[in-house]
Each structure stands twice: as C-alpha cells, then as structure tokens.
Amino acid sequence: MLLSIGMIAAAILIGVPLYYILVNSFKTQADMVTSPLGLPQEWFFGNWQDTLTDAGMYRSFANTIYVTVLGVALQLVVGAMAAYAMIISSSRTTKILGAVLLLGFIVPGQSTMIPLYRTLVGFNLVDDLNGLVVMYLGGSIFCYFLIQGYMRTLPFEVIEAARIDGASANQIFWRIVLPLIKPILVTVGVFQTMWVWNDFLLPTVFISSPQKKTVVLEVYNAVSEFTTDWPAFMTVTVVALIPMVVFFIFTQRHIVSGLLSGSVKG
C-alpha cells in the first residue's frame, strides 16, 4: 500500500512539469500569465502552426536523426568489437587497455572540451555533423563496459567449436557473437539514443551554423535574450520531446530485459 502511494506521488511529481509544458503550448502569452496551471480558456493552436510550418524545425530534426542513427550505430559496433577483443584475449596488453578505457570512462568529458575542439579544428570537423558523430564515439566506452559484462555470460563452447571448424575471428564476431548479444545491444542502443538525441553540450560547442543545428539547439534558440514567447518555447519543447517519448514507450521493456538476461545467464 505504501509503495503504491509512493509510486503515485512520484508519478504526479514527474507528470506536473509535463502537464505544465503541454497545456501552456495551447495558450497565448497573456492566457499563460493569467492561469499558468489551468486549462486554456480558449484553445490556441497558433503556436503549433508556427512550429510545424517552420522549415528550420524539420531541418534540425533531419540533422538530429542523422547524428543519432550514425553515432549510436558506430558506438555499438566499436563497443562490441572492443568488448569481444577484451574477452577473447587475456594478455597483459588487453588488461592495460582495459585500465585505460576505465580511466577514460571516469574522466569527465567537460574537462576535455578544449583539446577535443583543437583536435577537430585540425581535421576541419568543427561545425560539421560528421564531427559531431566523431565526438559521440566517446560513448563507445559506456557501450563497451555494458556489452563486456553481458559477453562474459555467453556459451564460449560455441565460439570454440566455430574456431575448430575454421571460422575466422571476423566470421565468429559477425555471425555468432553479434546475434547472441542482441538483447544488450538493444538495451545500450536505447540508452545511447536518448543521450545523443537530448544532448545539449556537444552541439552547442561544436555546431554554429543554423543549417546544422540539432533539435535541442532549436529549443534553446526559442529563448531570446530580453523577451521570450513562453508558449511558443513550450511548443517547440513538446515537439522535440515527442519522438523520444514514443521511442521510450516502445523500447522500455528492452532496457530491463537486456540487463536482466545478461545477469542471469550461465
């Protein structure tokens, strides 16, 4: 009973900000000031019309989808390859590399912004969506640690049998290991997709052209320096949130199932 009450209270606490943003997206500025938490006295769809007819919004969605799909796919491949190499080989070199990766996971990314920026300048990747994808490859470390833990539960007899049959390392990885680790790949993919889609820091630092802005930057740009149309801002926020809310609803079961299946196998 107490648990149910606590969960309901937590749901209300989380739901109030979402309700506030959604309801005020259908108000005028004056209506919002008069009754910020109440339903609109008259439903106003002008904010939605302006947002949905803005070509810049669709361009930012396309940029975000490109960066998210490519960035997450590369993170999963790199993380899975690194985990596979660390599991298969137990030499001193791999142990040292594992310690280096752990150090990279611990160091805050914000502390490396200046050297990373200078590096991308040298490769002409600043203010470039591909440069942003390269930056997101740093998330491969997170993928590596989760995938490595799952890989330790695999039946390595299958891999040894494939070796005896003459399968190469590449064949074993792509045809045997990847299908076996599909649950954790989906789980990690969900985490990383939500991170890349909602990330504000890296696009702010490395993207400056309006044509290359992501959805989060469109939300940020809706706030002006002196005056802000808050209902319009909240409409842009809702539009940016909708894809991730839908994505999470359809993939949330994979988050738990992938992690649990890796913890109970073997």
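Just so you know, all these numbers are worked out from the coordinates, no wet-lab data involved. Small disclaimer: the values here were computed from a predicted structure and weren't measured. Because the Cβ atoms are built from the backbone with ideal geometry, glycine has one as well, and the counts that use them run over all protein chains shown.
Tabulated results
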| read-out | value |
| --- | --- |
| Alpha carbon centroid spacing (whole Å) that separates the range 66-90 from the range 130-146 | 8 Å |
| Additional length obtainable on full extension of the chain from ASN198 to ALA55, 0.36 nm per residue less Cα span | 49.4 nm |
| Length released on extending from VAL186 to TYR220, taking residue separation times 0.36 nm less the Cα-Cα span | 9.3 nm |
| Mean residue ellipticity (222 nm) of the chain, computed from DSSP H runs ≥ 4 via -39,500 (n - 2.57), nearest 500 | -23500 deg cm²/dmol |
| Principal-axis tilt of helix 230-264 within the chain, Cα atoms, nearest 10 degrees | 30 degrees |
| Global form of the range 191-237, assessed from the alpha-carbon gyration tensor, a/c cut-off 1.5 | oblate |
| Per DSSP, loop trypsin sites (Lys or Arg not before Pro) in the range 140-220 with at most 14 further Cβ within 10 Å | ARG152 |
| Exposed GluC sites (Glu not before Pro) absent - longest run of the chain, DSSP non-H/G/I/E/B, at most 12 other C-beta within 10 Å | 43-224 |
| Radius, Kirkwood style, for the chain when every pair of distinct Cα atoms is counted (Å) | 21.5 Å |
